[in-house]
């Protein structure tokens, strides 16, 4: 397994899309696995759509993406001011 984020199918379920975006944000499957405290093989399986991650994993990825979105929005607002 390479430390890349498999391309997310635009028709993939919400779990795959959120994990994929978190994977891209953190810089790879191994970094996402470390962030989540799970085995990288599990992350790879979830990214392939082979099962869904537990709710706490999905929510942790969602929170990460939401925090980054808010940070970027706040930064842009300060630049526009």
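Every number in this text was worked out from the coordinates using simple rules, so none of it is lab data. All figures in this text were calculated on a predicted structure; none of them were measured in a lab. Cβ: placed from backbone, ideal geometry, glycine included. Neighbour counts: every protein chain shown.
Looking at segment 15-28 only, could you name the residues that are free of Cβ contacts under 8 Å to residues at least 40 places away in the same chain and assigned to a helix (DSSP H, G or I)? Give the steps one after another, and end with the answer.
Within segment 15-28, the subset free of Cβ contacts under 8 Å to residues at least 40 places away in the same chain is 16-17, 20, 23-24, 26-28.
Residues satisfying the conditions are 16, 17, 20, 23, 24, 26.
For residue 53, all conditions in the list (1) in a helix (DSSP H, G or I); (2) more than 15 Å from residue 5 (Cα to Cα); (3) under 13 Å from the mean Cα position of the chain (by Cα) hold save one; what is the number of the exception?
(1)
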